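Structure, as structure tokens:
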Amino acid sequence: MASHNESIIREPLMTGKDITYAKITNDILLPVENKPNKAWWIGFTVSSLGALLWVVSISYTFWFGLGAWGLNKTVGWAWDITGFVWWVGIGHAGTLISAVLLIFRQNWRNSINRSAEAMTIFAVICAATYIVAHMGRPWLFYFTLPLPNQYGSLWVNWNSALMMDVFAISTYFSVSLLFWYTGLLPDIASIRDRATGLRRRIYSILSFGWTGSLKTWQRFETVSLILAGISTPLVLSVHTIVSFDFATSLVPGWHTTIFPPYFVAGAIFSGFAMVQTLLLVTRKVLGLENYITMFHVESMNKIILLTGSIVGVAYITEFFIAWYSGVEYEQYAFINRATGPYWWAYWSMMSCNVISPQLFWSKTLRTSIKFSWFLSIIVNIGMWFERFVIIVTSLHRDYIPSSWAMFYPTWVDVSVFIGSIGLFFTMFLLFVRVLPSVAIAEVKLLLKTSSEQAKKKLINENHLDPAEVEYYKESLTKFDSIDTADYEKV
Amino acid sequence: MDSNKKYWKGLEELNKTPEFVEKNKHEFAEPIPIEEVLSGGGLSSKTPRRDFLKALGFGVGAVTLAACQKVPVHKSIPYLIKPEEITPGVANYYSSTYDGSAILVKTREGRPIKVEGNPNDLLSKGGLSAQAQASVLELYDTSRIKDPQQNGGDSSWASVDAFVKSELAAIAASGKTISLVTSTIHSPSTQAVIADFILKYPTAKHVSYDAVSYTGIIKANQNSFGKAVLPHYNFDKADIIVSFAADFLGTWISSEEFTRQYVQNRNNKSLEAKKMSRHIQFESGMSLTGTNADVRIAIKPSEEGVALVNLYNALSGTTLPGSRKLTTANADKAIILVATELKAAKGKALVVCGSNDVATQVLVNAINSLLGSYGTTIDLDNPSRQYAGNDGEIVDFIAQAKSGQVGAVLFLDANPAYDYHSAAAVKDALKNVRLKVSFSDHADETTALCNIIAPNHHYLESWGDDSSIEGYYTIMQPTINPVNNTRQAEQSLLVWSDNAVKDYYTYVRNNWNNNLLAKGGLSGQAGWETLLQTGFVLTAPVAAGTYTFNLDLNAVAQTVLNQSAKLAEGNKVELQVYQSVAMRDGKRANNPWLQELPDPVSKVTWDNYAAMALEDIKKLGLEEFEVVTIEANGYTVSLPVLAQPGQAPGTVSVAVGYGRTAAGLVGNNVGKNAFPFLSFRNGTFQTTATANLKGTGDIFPLSQTQTHHSFEGRNVIREATFTEYKKDAAAGSGNDGEKEKMFDLWENTNEDHIHARPVYDWVMAIDLNACTGCGACIVACSAENNIPVVGKEEVGRRREMHWIRIDRYYSFEQNGGAKVDNRSGKVTQEKEIAKLEDFSNVSVVHQPMLCQHCDHAPCETVCPVLATVHSSEGLNQMAYNRCVGTRYCANNCPYKVRRFNWFNYWNDSRFDNYLNNEHTQLVLNPDVTTRFRGVMEKCSMCVQRIQAGKLQAKIEKRPLKDGEVKVACQQTCSANAIVFGNRNDPNSEVSKALKSERTYYVLEELNVKPGIGYQVKVRNTSSELQA
């Protein structure tokens, strides 16, 4: 159906020769249906050791009390809330990709949304563990829920940003989980259809009796769109509310109206960086180069460049407002960030988040796999420092100089953080083994319209404007999964 | 009516089938497999489904029934025979005495839990020192000796008595001396017991010495005026106070009394009368008194004598032979100006000196005589008895013991093996003594050398009396039965001397009946009972006579100048040994409340250190907390360096009272002992020496509760000079006519609308000019509110739990390239201070900081679970049971007064040596819950006291009176710097105080509406002196 073909000047969203629907299924289900390879085992061993470290350090904290961490009377939050906000931020890319890009009909999302959503769910789990772990009496965490009780009018405090946080995070988690799982249904059905024995029974239950009928597909599309509609405001609301944890306080350096947009941009920034970190490896290890192409990598890098710049503007605005406000505490807080005892954290943040993403203006760099991966790590580090700077350097020197103090992490602080990364990767690695890491059904949609193969066929049909074809061919040079020699003769 | 109805259970029975008839012969219709079960086969037989269900049903039923038993209840057992005066839940107060001060002891259900000042006490009028506040904890110290000991093993009183008596008799018979070594005893009854003891054993001799001695002053007065007494000083009568290294607000003689007197001429009341004394301090190390001085001039110990000679010259107009100028021109000029001011204030001037050197004190006497201080600011006729030790006596005792002349020694409240400058000499000498008895209730350094330990009662278990000032007699009564198998030392002495009076209580009563009751116009049983209620008798003081010094000073000046020259010899540092405010002479080193009380100046806890000038530290290339070895008088010690602003360059100060090796679990090996630095010269112990100092490169971090020492020009601290104050009472307060004018976004933020406080509105006023920063309030608060002790390591992590703290800030006069800040006109910013060249010209301000009970409390809005809320009386309250410990409230508190329970301090083996055992926990105030780990806590404004006061008023059907409820910090403050009360009552003390033009609210610009008003710090500075 030629009328459904995409314009030739658009870059292909899927590469490879002789791709068929069956091949797509085979390729993507390769890790799910076969024994794991060595790379997976190495990764899984390392991650589970990390997860074990998390179990040990969290247990130690629960046993002895929060004094196991390096917090003190002045700095009441440090690595805990830094870790919490970092993970919530990372979780943001998933929803953005799955919901916002779906509504805007950005088809390139089809190849990456599954992993990004999974990442969101695991990141939010990591964040949630921090919420509970940072409490002095975690066994009473249910006090934060508005449960009916026998104490008369005892209720939760709706004025508290922490209270809003509980709702923001739990809503976000449930909606993300629902969205992710709904998208998984046709793919689980595919696995079911190819599996035998116990596997078949399990996947059969998990697929909720997916039949693949036209009506099912129609409903599937409707549900996806509705969920996308519900999720879209969440992209903005969750991190807005997380930023309220700071913005509604009166700590100099926290009490800032710019926080909501700045936090949302930062969250998308870090989320895309984490997607990059994960997918660049997954793509290689699981051989998904044809589905997650250079086009995807470059698109995500562009988003990183954009959000990184927004974050940079926010940093500078904060400084300007601190000066412009004329409030001495505010002014001191910002001067102290840049020149005080934690100057290194501030400048790590600035160089990782503001300066380094600017390198993506160069096409060579943003289409280099190795560099992209390296920079995604840098951005992740930078975003961790951003939260550290906001939390620790604001708290450690606030209003009354007598209480100024330094924060020094203990081994438990560090272990909980490293452990949470281990936990995240353990969950992610288990995910790629049992569920398709690319949305099979959605990628199949692209085969006839946006794949390299389809476009090549168009070229071969020879009805196209040669200038446009030339333009297209040139755009292919950056792809590492396309042999440009194939195009020399056409 | 008979019925012939027949009931049948089944057709089988009706029809009498053969099977039925057969079965009916047996008791059970179906055979029961008893045989099978008993033979063991039954266990392996299959259980039918029905049986299983039956067993299950029975099991569940039985377990359910069994579980219906009541949960064991831990009962508080009521009194079988209730003591008349004890009502559970209601505190009883008993008057007693601590160190010569009349006190009230609060007991609950028979156990003393808090010591409070007696409001009618002559010395501090209800104020109490940190030591007195902490003393109650020692009653419950688990390291107290529990039984009498003989040769290191537990013994009984009978065998100890028999042994000691036979030994004493033998020694007395051999003609050898029996020495009773004590620190100063100012109890008339104890003195009488000792006198009786000496009567019985004529070879007995009372050796009285104090670890920190005032022999110099006593001998100087003997020398100058023929009166070997420690005078009673009247700081309240002095308009000009010049102190040469006398820390009279911190540790010198009677610091609580002096604080009360001193503040009288500096507090709000005095200021409103346009009157403020001027206080000039010359000293080497920064003392608590130095921090309060209007003008403080740093001089080396070697310059003290020279300065005094120069001052004498300037006052008398003569020139003593050998007079020379001071090395610093600044100090030299200051002496001349001080002399002019002193002369102008003749009769209202006071010069005091902390030296224990006789010649130096004679010179001071001469100066005071010139100023007409005798009879006005110095009273020699109603002398102080607080210190009467004679340094020579202990030195003689050791010499005699060494030579074998001493047959027996009894140590009462004396620990020479620790606090004598040569412990080796003590050890050596005691080897030649046959009987060595210690009355110490702790195994200390000296008891280790004794063969008998006859453990004394704690003073809260004792009868007794005290007389700290001539004519002032206080009574001591027990508030609890002895906790251990101890016996009062006086009782032991009575027993050993076969006194006619068998028990010490009778002895005390006799003494009072015969001698003391009459002094207060009391007599008989009624008089005694009155005494036990009032706590003291006071005779009308003798009129203080004027004394004139008219001896030749040439020789004295010569001695002083020679000693000074000797101290300054060589290119060495001058070492000054001082008492720290918290630890003093180290007798209470096993008290965790005192160990954790931050030093008022350095804010260091749990350690002593080498305080040095910043210039010296830079010059010697030392780092912060670098361990240095200090060698002086043949003794070497390694201590971490502390950079102390105001320390005279070329000097190092080290506190005594640390480095105990046998104090108990808490006090052992905390810091290093500095007593060996003392030396005995001209009949007294000298506290200065020349020392060699060397860095070691090791770092030993000190645990400070405050690590940033400048207030960064922020208006949390507001100050003015007295000159400015006289022109405008609101000077420096920021109240320029638009006092407390606030703008709000919300129309109806009418306070009454938001927080109705219909009856009470509890607020506080703190006078920064009255607060000396001593820290007694911190200990009082810990005792009242069950505040855990966390130890050195946790304090180092900035996790001390104190609900009230005293912030201490340094600011400097401009010099070098440093910029002053606009508001205070001083160098207050960290980075500007770094540019200073001279750090000696420093001003200090102390600011008590506690929960401000804000009306718009930022902590309340951020708590997700409403664990901290506002009361209808203006209090910010904590519901511990609701707290989940997110710590958001602490983060959002601009005053940083909230404290988090990082660990389970009351039940965690790592905090064992503090308060964490059942016995020590008897000191807890039952009206205040202890907090579990993970819970936030903070100042409650002693809400339990407010409740108790309100209840009392309600029972008596009357409104609560102003001043009836006193919070713990306010109550113990000798300076009366803290006023607490109801703002709704316009006539309350606090309302009046808050109306003062000097009142400001810390961080009021945040519109959190704090409930504590501070009054501007006013300094009576002198521009000439400072220049």
Whichever residue in segment A:233-263 is facing another protein chain (nearest Cβ under 10 Å) and of a type in the set (S, T, N, Q) and, among such residues, is farthest from A:PHE167 (Cα to Cα): A:SER249
Filtered residues of segment B:535-548 (kept if small (Gly, Ala, Ser) and surrounded by fewer than 17 Cβ atoms within 10 Å (Cβ to Cβ)): B:ALA540, B:ALA543, B:GLY545
message: Quick test of your reading of the structure: A:SER309 fulfils all but one of (1) in a helix (DSSP H, G or I); (2) farther than 14 Å from A:ASN353 by Cβ. Name the failing condition by number.
response: (2)
message: For the condition modelled with pLDDT of 90 or more, surrounded by fewer than 16 Cβ atoms within 10 Å (Cβ to Cβ) and hydrophobic (A, V, I, L, M, F, W, C), what is the one hit in B:LEU532, B:LEU594, B:LEU551, B:LEU575?
response: B:LEU532
field: Every residue from segment B:805-824 that is more than 14 Å from chain A (Cβ to nearest Cβ) and in contact with a Phe, Trp or Tyr (Cβ under 8 Å, 6 or more places away or on another chain)
entry: B:PHE812, B:ALA818
message: Quick test of your reading of the structure: B:PRO455 fulfils all but one of (1) touching a strand residue (DSSP E or B) at 6+ places or on another chain (Cβ under 8 Å); (2) under 21 Å from B:SER166 (Cα atoms); (3) surrounded by fewer than 21 Cβ atoms within 10 Å (Cβ to Cβ). Name the failing condition by number.
response: (3)
- prompt: Regarding A:SER47, is this residue more than 14 Å from chain B (Cβ to nearest Cβ), farther than 29 Å from A:PHE244 by Cβ and among the hydroxyl-bearing types (Ser, Thr, Tyr)?
  reply: yes
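What tally of residues in segment B:160-182 results from selecting those that are touching a strand residue (DSSP E or B) at 6+ places or on another chain (Cβ under 7 Å) and either surrounded by fewer than 18 Cβ atoms within 10 Å (Cβ to Cβ) or of a type outside the set (Val, Ile, Thr) (or both)?
Here is the first cut: in segment B:160-182, the residues touching a strand residue (DSSP E or B) at 6+ places or on another chain (Cβ under 7 Å) are B:160, B:163-164, B:167-168, B:171-172, B:174, B:176-182.
Remaining after also requiring either surrounded by fewer than 18 Cβ atoms within 10 Å (Cβ to Cβ) or of a type outside the set (Val, Ile, Thr) (or both): B:163, B:167-168, B:172, B:174, B:176, B:179-180.
Qualifying residue count, segment B:160-182: 8.
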message: Tell me yes or no: at least one residue of segment A:167-174 is surrounded by fewer than 20 Cβ atoms within 10 Å (Cβ to Cβ) and within 12 Å of another protein chain (Cβ to nearest Cβ).
response: yes
- prompt: Can you pull out the residues in segment A:39-92 that are within 30 Å of A:SER402 (Cβ to Cβ) and outside any loop (DSSP other than H, G, I, E, B)?
  reply: A:THR61, A:PHE64, A:LEU66, A:GLY67, A:ALA68, A:TRP79, A:ASP80, A:ILE81, A:THR82, A:GLY83, A:PHE84, A:VAL85
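Criterion first (among the β-branched types (Val, Ile, Thr) and free of Cβ contacts under 8 Å to residues at least 60 places away in the same chain) does B:THR291 satisfy it? So that I can check it myself, show each step before the final result.
Numbers: among the β-branched types (Val, Ile, Thr): yes; free of Cβ contacts under 8 Å to residues at least 60 places away in the same chain: no.
The answer is no for B:THR291.
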- request: Only residues that are of a type in the set (A, V, I, L, M, F, W, C), within 14 Å of chain B (Cβ to nearest Cβ) and either within 22 Å of A:VAL242 (Cα to Cα) or in a helix (DSSP H, G or I) (or both): list them for segment A:385-403, please.
  value: A:ILE390, A:ILE391, A:VAL392, A:LEU395
field: Single condition A:THR95 does not satisfy, out of (1) modelled with pLDDT under 85; (2) surrounded by fewer than 24 Cβ atoms within 10 Å (Cβ to Cβ); (3) in a helix (DSSP H, G or I)
entry: (2)
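Would segment B:875-892 turn up any residue that is closer than 19 Å to B:VAL795 by Cα, buried (at least 19 other Cβ atoms within 10 Å of the Cβ) and under 23 Å from the mean Cα position of the chain (by Cα)?
The answer is no; no qualifying residue exists.
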task: Identify, from the list A:SER437, A:SER402, A:SER450, the residue that is at pLDDT 90 or above and of a type outside the set (A, V, I, L, M, F, W, C).
output: A:SER402
message: When you check B:ARG958 against the structure, is it basic (Lys, Arg), modelled with pLDDT of 90 or more and within 28 Å of A:ARG137 (Cβ to Cβ), yes or no?
response: no
Qualifying positions in segment B:494-516 - touching a strand residue (DSSP E or B) at 6+ places or on another chain (Cβ under 8 Å) and surrounded by fewer than 24 Cβ atoms within 10 Å (Cβ to Cβ): B:ASN511, B:LEU516
statement: Only one of A:GLY70, A:GLY83 is in contact with a Phe, Trp or Tyr (Cβ under 7 Å, 6 or more places away or on another chain), of a type outside the set (A, V, I, L, M, F, W, C), more than 14 Å from chain B (Cβ to nearest Cβ) and under 18 Å from A:VAL416 (Cβ atoms), namely A:GLY83
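Taking B:ALA204 as the residue in question, decide whether it is touching a strand residue (DSSP E or B) at 6+ places or on another chain (Cβ under 9 Å), farther than 24 Å from B:TYR98 by Cα and not β-branched (Val, Ile, Thr).
Values: touching a strand residue (DSSP E or B) at 6+ places or on another chain (Cβ under 9 Å): yes; farther than 24 Å from B:TYR98 by Cα: yes; not β-branched (Val, Ile, Thr): yes.
Yes.
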field: Residue ID - farthest from the other protein chains (Cβ to nearest Cβ), chosen from residues in segment A:111-158 that are within 27 Å of A:SER299 (Cα to Cα) and either in contact with a strand residue (DSSP E or B) (Cβ under 9 Å, 6 or more places away or on another chain) or basic (Lys, Arg) (or both)
entry: A:SER111
- prompt: How many residues, within segment B:995-1024, are closer than 18 Å to B:ILE717 by Cβ, touching a strand residue (DSSP E or B) at 6+ places or on another chain (Cβ under 9 Å), of a type outside the set (Val, Ile, Thr) and within 14 Å of chain A (Cβ to nearest Cβ)?
  reply: 3
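Considering each of A:ILE381, A:ILE377, A:ILE335 in turn, give the residue that is in a helix (DSSP H, G or I), modelled with pLDDT of 90 or more and within 14 Å of another protein chain (Cβ to nearest Cβ).
Working: A:ILE381 fails: within 14 Å of another protein chain (Cβ to nearest Cβ); A:ILE377 fails: within 14 Å of another protein chain (Cβ to nearest Cβ).
Of A:ILE381, A:ILE377, A:ILE335, the one residue that is in a helix (DSSP H, G or I), modelled with pLDDT of 90 or more and within 14 Å of another protein chain (Cβ to nearest Cβ) is A:ILE335.
Yes or no, residue by residue, for (1) assigned to a helix (DSSP H, G or I); (2) in contact (Cβ under 8 Å) with a residue 12 or more places away in the chain; (3) in contact with a Phe, Trp or Tyr (Cβ under 8 Å, 6 or more places away or on another chain); (4) assigned by TED's automatic domain parsing to the domain that holds A:PRO186:
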residue: A:MET427; (1), (2), (3), (4): yes, yes, yes, yes
residue: A:VAL438; (1), (2), (3), (4): no, yes, yes, yes
residue: A:HIS463; (1), (2), (3), (4): no, no, no, no
residue: A:ALA467; (1), (2), (3), (4): yes, no, no, no
residue: A:TYR472; (1), (2), (3), (4): yes, yes, no, no
residue: A:SER481; (1), (2), (3), (4): no, yes, no, no
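Can you pull out the strands (runs of 3 or more DSSP E) entirely within segment B:815-901 that have at least 1 residues that are without any contact (Cβ under 8 Å) to a residue 12 or more places away in the chain?
Details: elements: B:842-849, B:868-870, B:876-878.
Filter on segment B:815-901 gives B:868-870.
So which residues in segment A:348-358 are of a type outside the set (Ser, Thr, Tyr) and either outside the structural domain of A:THR307 (by TED's automatic domain parsing) or surrounded by 16 or more Cβ atoms within 10 Å (Cβ to Cβ) (or both), if there are any at all? First the steps, then the outcome.
Step one: list which residues in segment A:348-358 are of a type outside the set (Ser, Thr, Tyr), which gives A:349-350, A:352-355, A:357-358.
Result: A:MET349, A:MET350, A:CYS352, A:ASN353, A:VAL354, A:PRO357.
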message: If A:SER57 meets every condition in (1) under 15 Å from A:THR129 (Cβ atoms); (2) away from every other protein chain (no Cβ under 13 Å); (3) touching a Pro at 6+ places or on another chain (Cβ under 9 Å); (4) not β-branched (Val, Ile, Thr) apart from one, which number is that one?
response: (3)
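The values are calculated or read from the model by the stated rules, or taken from the named source; none is laboratory data. Remember, it's a predicted structure, so these values are computed and weren't measured experimentally. With ideal geometry, Cβ positions are generated from the backbone for all residues, glycine too; neighbour counts draw on all protein chains shown.
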